[in-house]
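None of the figures in this text is laboratory data; all of them are computed from the coordinates on show. Since this is a predicted model, take the numbers as computed values, not measurements. Every residue, glycine as well, gets a Cβ built from its backbone with ideal geometry; the counts of neighbours run over all protein chains shown.
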Amino acid sequence: MITDLAFYVHIPYCARRCGYCDFNTYTPTELSLGSDPAAISTISHSYIDLLLQEISHAQRVVEETGSSARVPTIFFGGGTPTLLDASDLGRVITQIQSGFELAPDCEITIEANPDTITPEKLDDLLDAGFNRISFGMQSAAPHVLAALDRTHNPDNVERSVKLAQQAGFKELSVDLIYGTPGESMADWEQSVDLALSLPITHISAYALIVESGTKLGAQVKRGEVVMPDDDQTADKYLLADEKFNAAGFDWYELSNWAKPGSECRHNITYWQGGDWWGAGPGAHSHIQGRRFWNVKHPTAYGQRILASGNPMADEEILDSTAQQSERVMLELRMRSGISYENFDAKVIEGLGEYLREGYLVSEAWQRGRLVLTQSGRLIADRIVRQILF
Amino acid sequence: MPAIPLANAPAPAQTKPEQIRNFCIIAHIDHGKSTLADRMLGITEVVEQRNMRAQYLDRMDIERERGITIKSQAVRLPWRSGIDGQEYILNMIDTPGHVDFTYEVSRSLAACEGAVLLVDCAQGIEAQTLANLYLAMENNLTIIPVLNKIDLPAAQPEKFAEELAKLIGCQPEDVLRVSGKTGVGVEELLDQIVAQIPAPVGDASAPTRALIFDSVYDSYRGVVTYVRVVDGKLTPRDQIQMFSTGVRHEALEVGVISPEPVVSKGLGVGEVGYVITGVKDVRQSRVGDTITMHNNPAKQALAGYKDPRPMVFSGLFPLDGADFPLLREALDKLQLNDAALVYEPESSAALGFGFRCGFLGLLHMEIVRERLERESNLSLISTAPNVVYSVTTGDGKEMTVTNPSEYPDGKIEKVEEPIVRATVLAPSEFIGTIMELCQERRGILLGMDYLSEDRVEIRYTLPLAEIVFDFFDQLKSRTRGYASLDYEPVGEAEADLVKVDILLQGEKVDAFSAIVHKDKAYAYGTMMTGKLRELIPRQQFEIPIQAAIGGRIIARESIRAIRKDVLAKCYGGDISRKRKLLEKQKEGKKRMKMVGRVEVPQEAFVAALTTDADIDKAKAKAKE
């Protein structure tokens, strides 16, 4: 049997850590490589070797089930994947290609830091097989970037997106963050307008989440930084949604908008409960109701790979209740919504209230599906809780 | 060494009244009564050094933690007087110190001939101590004034000796000075107890009369009744009879506490000890009652028996509705040990099934709630405490209202509320502040006396309802903790009262209804709607909150609909994390009560019904 298996490849390195970020990524200083960002190159080659071994391990796991897998999408995230040489990243793609069948239209995405982009780099990435590039733009306002503790120059975004288009990338995305402390409505509008002025096909926009254990988290906890009011953040979502729509970008997940046909197929796999293998430290995988994840630190990851080839830290088998919870939680986020026909009468009755208050699309409701309206998307978690308990 | 080895000490039932001294210690919380009692146990060697622990006599955890005595104790201490070299038996009766338990205190006092008035010499006398001192004086007890904690650097023995001397009419130099902590002066105090307090007087040949001054339920032994024999004697196998009910029991065991129970051959005139009859409920062996013999009953009971009367009522509801049977069981169990606790089932639209409970006062209420939660592992919501109102309706019908939700809706002819006489002791710099507070609370000044140059006693008549509602907290905070309060009921008075209802989305929430003075209805409504706006989380629709008297809205607030309740990101590794968060939120939802369509966190009920200080706590909890 041939099944689809997407790949997520984690690159756990950054030149420096941004104040709001709690991702599993490490700076040269944290890895005791000194403070020079270029130091990453001294370990990147051997790190890729480890990834190749994990991919061989994935291949064995799939073969043991007696099936074979076709790879519809590959996503390189981080960290900062563009810190590494394109040729090294290409070795990973080659390894996946040799162990599995790559779909002819395989979507291969790389997350890019605008500061690391040169025309040569872009050519190399295309040569390595990448066909989609996603830039971390976050904001057009320098004081907002400073509040996020981002280092990139906003002008670099415009320059690097245009370079990527010129180099031949057809699918281009930018990430925006709203609701940063100190961000005015005008700041946000400026960011949205700048993003829409670029030759992109896809936009992600996220309300800032303050994570404990980050620099920003500590600042908020100490009261040095005050998070903006949730109502203003909601208004920013509405503003962005209106502008994206007007520019021909349709929402397909509540934080993602795309030109028709340019939706990120890799992320849709996550939300539709598809199978994927996450390679690299701390990466999560999901195969047929089983979730498993790797040890978090790159050093531990390397040790595991070298010792047994299997870097898994732990796993979780989802029972039917957990699977149902995840399905509701994820599919409700998408424009396709979810069928409510199998729900309890009591749950449906409770949802009727959300319909009346305008949080659910009534045409979809008539067809037996829950689809969130614009205001409904803003309270999606609440509606999920209404369904699940 | 004036201690007497227990084996050689005069035995119960064989101790002559002349050898007995019965005394209690009157003291305020923190003035060191338990430490002094511990020291006495040590010096008389009834407790070996290695078995000693702090607050030896306070048996309940709650007593030790709060540093208060809820139930009385009576300890038999053998002592050889350092003055005349004779052997004596000292019975120390440890009494509760709080205003809620005044009746229990008065019965303990009635079991004694003398009282040690113990005052912290860094703080001076407090209102409750003064009230108990007056009680002791009314009972004709010999008072031995003692200043404690003379080892403290902040001690002002001269100043407070003067104050005590003035209060009881002795010379300042007659005031003893001790330190329960170091033991200084404690032997001398024991000698003075022997020298000053009269021996008990009774008729050994008359029909038995023994005063019950406490009654404690023990899960192994049933009710243990503490008694002081006045006339005759008590021996095991006696067929005894309760004077108030005429019910007969067999005395299965008679003994003394020293300080662990020791079975004895009996108790004679003037002796203090315990009787076990096998009854399981303290209401069958009530404080203040007289025990006599079934075959040869006394003609007259000892004076002073009263049925306990609840003064404050509050609804107690299990947080989880399924715990209702457990709450009933817990109350039944607690009542075995608390004759003053009354309760009956109640149902609230907002809180479900629970009990309307009557208490002696606020401390009693707090203790009951805490014991229910602790001993039966229950989580409870208690509604705002209220007093008992006598309401006469327009058609001349009279009714007693113990619950605001029972307050009649139609025309009301007259409402009467309980009134107390309150005594406040404080440094004189706070006179203005205290008078202002009492005035705000509808108080009428009765008088004011200086206890010393800078300490004053202020007396007011106040509605009990005003005291029940955070008066004590206000008094403490406005006087930086220096003022102390005591009060006693003095009857009822007519007042201009109204019921204020709180409505969420147009629906009355019975748990928030309150009976308040007409002039304060608006303030109450504004405060309550404001509090609820803070405490109830935003929901997917707007929630109007209103306060109303009958059909008239007197205050309104509104909780706007929530705009944003979503986490923006949900990719690969976020999924498990998010599902687990959902599971946690599911637990949180169990702590919500549905009031109509509105989810109200338990904390909102608690905080709305208590004082401002609790709101921040509740908010912090609600955010978890």
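Structure summary
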item: Helical contribution to [θ] at 222 nm, DSSP H n ≥ 4, -39,500 (n - 2.57), averaged over chain B, rounded to 500; result: -8000 deg cm²/dmol
item: Sequence-distant residues sharing a close amide H with B:Tyr343 (under 5 Å, placed H); result: B:Gly358
item: Average beta-carbon neighbours from other chains, 10 Å sphere, peptide B:580-588; result: 4
item: Between region A:45-59 and region B:461-482, the Cα center-to-center distance that results, in Å; result: 73 Å
item: Exposure proxy order (Cβ contacts within 10 Å, fewest to most) of B:Lys333, B:Lys590; result: B:Lys590, B:Lys333
item: Cα pair count fraction exceeding 18 Å, expressed as % - region B:460-612; result: 68 percent
item: Quotient of Cα Rg and 2.2 N^0.38 Å for the protein assembly as shown, N being how many residues it contains; result: 1.27
item: Long-range HN-HN contacts of B:Asp281 with modeled amide H, under 5 Å; result: B:Val223
item: Distance between modelled label sites at A:Arg290 and A:Asp344, nm, 7 Å Cα→Cβ extension; result: 3.2 nm
item: DSSP beta bridge pairing in the protein assembly as shown, given as percent antiparallel to the nearest 5; result: 70 percent
item: Cα-based radius of gyration of chain A once divided by 2.2 N^0.38 Å, which approximates compact folds; result: 1.00
item: Chain A: calculated mean residue ellipticity at 222 nm from DSSP helix runs of at least 4, using -39500 (n - 2.57); result: -13000 deg cm²/dmol
item: Size of charge dipole - region A:321-388 - debye, nearest 20, with Cβ of Lys, Arg +1 and Asp, Glu -1, no other charges; result: 180 debye
item: In order through region B:464-480: 3J(HN,Hα) via Karplus (6.51 cos²θ - 1.76 cosθ + 1.60), integer Hz, x for Gly, Pro; result: 4, 4, 6, 6, 4, 8, 6, 4, 5, 4, 5, 4, 5, 6, 6, 10, 6
item: Region B:585-593 - phi-based ³J(HN,Hα) in whole Hz, Karplus 6.51/-1.76/1.60, Gly and Pro as x; result: 5, 4, 4, x, 5, 5, 8, 9, 10
item: Karplus-derived 3J(HN,Hα), 6.51/-1.76/1.60, for each residue of region A:197-205, Hz, glycine and proline x; result: 7, 8, x, 10, 10, 7, 9, 10, 9
item: Cα convex hull of chain B - mean projected area over all directions, nm²; result: 32.9 nm²
item: Binned Cα-Cα distance frequencies in region A:228-289 - 5 Å width, integer %; result: 4, 15, 18, 14, 16, 12, 13, 7, 0
item: Peptides ranked, highest mean first, by Cβ atoms within 10 Å: ranges B:268-275, B:334-341, A:29-36, A:78-85; result: B:268-275, A:78-85, B:334-341, A:29-36
item: Residues with amide H under 5 Å from that of B:Glu457, placed H, sequence gap 5 or more; result: B:Asp449, B:Tyr450, B:Leu451
item: Taking N as its residue count, the alpha carbon Rg of region A:321-388 over 2.2 N^0.38 Å; result: 0.97
item: Given charges at Cβ of Lys, Arg, Asp, Glu: chain B dipole, positive-most of B:Leu446, B:Leu475, B:Leu582; result: B:Leu582
item: For region A:321-388: relative contact order, % (alpha-carbon pairs under 8 angstrom, 6 or more apart); result: 39 percent
item: Residue among B:Ile554, B:Val287, B:Asn386 farthest towards the positive dipole end of the protein assembly as shown, charges placed on Cβ; result: B:Val287
item: Nearby lysines by direct alpha-carbon distance to B:Lys149 (threshold 19 angstrom, same-chain neighbours under 8 apart not counted); result: B:Lys33, B:Lys159, B:Lys181
item: Calculated log₁₀ intensity ratio I(q)/I(0) where the Debye formula runs over C-alpha points of region B:187-228, q = 0.22, 0.23, 0.35 Å⁻¹; result: -0.82, -0.83, -1.11
item: Only Lys, Arg (+1) and Asp, Glu (-1) charged, at Cβ; region B:404-507 dipole about Cα centre in debye; result: 260 debye
item: Taking B:His28, A:His10 and counting other C-beta atoms within 10 Å, the order from fewest to most; result: B:His28, A:His10
item: B:Ala523 paired with B:Val490, simple spin-label distance in nm, labels 7 Å along Cα-to-beta-carbon; result: 2.2 nm
item: Part-to-part distance (alpha-carbon centres) for region B:14-51 and region A:65-131, which is given in Å; result: 85 Å
item: Sorted peptide list for A:279-290, A:232-243, A:346-357, criterion being average Cβ within 10 angstrom, highest first; result: A:279-290, A:232-243, A:346-357
item: For the protein assembly as shown, size of Cβ-based charge dipole, Lys and Arg +1, Asp and Glu -1, in debye; result: 1180 debye
item: Euclidean distance of C-alpha centroids, region B:361-429 and region A:232-262, integer Å; result: 57 Å
item: Leading residue at positive end of dipole, region A:65-162 (Cβ point charges), from A:Asn131, A:Gly66, A:His143; result: A:Gly66
